[in-house]
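J.: Here it is, the structure, as structure tokens.
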Amino acid sequence: MSLVFRIGIGAVLLWTSVGCGPSTSVGGGLKIVPTFTDGAGHTWTDRRKAVVLRAIADYQRAIAENETIAVEFKFYDAEPGHYAMWYAINFPPKGTSVRPWTPGLTHVIMIDANSAGGLVWFDPTPSTDDDIPESAFDALTLIRHELAHMLGHRAGYCLDYDADGQAIDHWQARIDANSVFDPEGLNVALADDLEHAADNDLMSYYLTTGRRYDIDDALQRLILTYGYKSRP
Ligand SMILES: [Ca+2]
Ligand SMILES: [Zn+2]
């Protein structure tokens, strides 16, 4: 029997005056390039890095866009009950379609330093999920969750700005007045923040200890919303 903890995997979006323009990268599919910053009493050991790389590989395997996204991984002192966070910093000029790889957009994913030694557990064997401690959150799941936010699983982020500065929010446009995402199709109840699933899911605000969630549900919503080229 696993305990359910409140999990504050929130997303803060800050816009600053960093310029950006159309993406021109070419290559063989999505590339998510991590950098690792030690701090708050923790280092990115090979074991921890391997969990991050596994989460990244899952999305790279599934999304075929020829784009590159850089993301910094750090430790931080989170509020109690919060274990991980993604945020991005950028300023979108008029006429820009903001996507996760828009040049100038800076991504950071942070893991709670107070939990990183125990309550958040980095699997030494990320390819198997039958060894997760009952009382711990699976770091691979947390990182998959944050990467889904980074790839557009939230409102107010991947906006298309027209020449007048009016924005189209593709994510928000799929959500009805009852916070249901794609009501005529996938029909997924969202939390009031419109970025988390209301029910048990990788993207739930309340995740369960002792288990792993795959990316499939989140991925399906991202591909539907943004039309990402994908691989089965
Ligand atoms: Ca394992
Ligand atoms: Zn979240």
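J.: Mind listing the long-range amide H neighbours of VAL71? Cut-off is under 5 Å, sequence gap 5 or more, other chains count too, H placed in the peptide plane at 1.01 Å from N.
T.: VAL33, THR35
J.: VAL120's amide H: which non-local residues (gap 5+, or another chain) put their own amide H closer than 5 Å, with H modeled 1.01 Å from N in plane and none for Pro or chain starts?
T.: When sequence neighbours closer than 5 places are left aside, the close amide H contacts are PHE137.
J.: Using Cα pairs closer than 8 Å and at least 6 residues apart in sequence, work out the relative contact order for the stretch 10-226, in percent.
T.: Computed value for the stretch 10-226: 20 percent relative contact order.
J.: Can I ask one more? Under 21 Å between C-alpha atoms is the cut-off here; go through the chain and count lysine pairs that meet it, provided they're at least eight residues apart or on different chains.
T.: 4
J.: Give me the percent of Cα-Cα pairs in the stretch 10-226 that sit more than 28 Å apart, rounded to a whole number.
T.: 28
J.: Tell me, what HN-Hα J-couplings in whole Hz come from the Karplus equation 6.51 cos²θ - 1.76 cosθ + 1.60 at θ = phi - 60° for each residue of the stretch 224-231, using x for Gly and Pro?
T.: Result, ordered by residue: 4, 6, 9, x, 4, 4, 9, 10 Hz.
J.: Something else about it: Of all the stretches in the chain, which is the longest one without any exposed loop site, taking GluC sites (Glu not before Pro) in a DSSP loop (any state but H, G, I, E, B) with at most 11 other Cβ atoms within 10 Å?
T.: The segment 1-133 is the longest one with no such site.
J.: Residue by residue, what Karplus-based ³J(HN,Hα) values in Hz, rounded to whole numbers, does the stretch 126-143 have, using 6.51, -1.76 and 1.60 with θ = phi - 60° and x for Gly and Pro?
T.: Listing the rounded values in order: x, 7, 10, 10, 9, 10, 7, x, 4, 9, 10, 7, 6, 4, 4, 5, 4, 6 Hz.
None of the figures in this text is laboratory data; all of them are computed from the coordinates on show. Quick caveat, the model's predicted, so the values are computed rather than measured. Every residue, glycine as well, gets a Cβ built from its backbone with ideal geometry; the counts of neighbours run over all protein chains shown.
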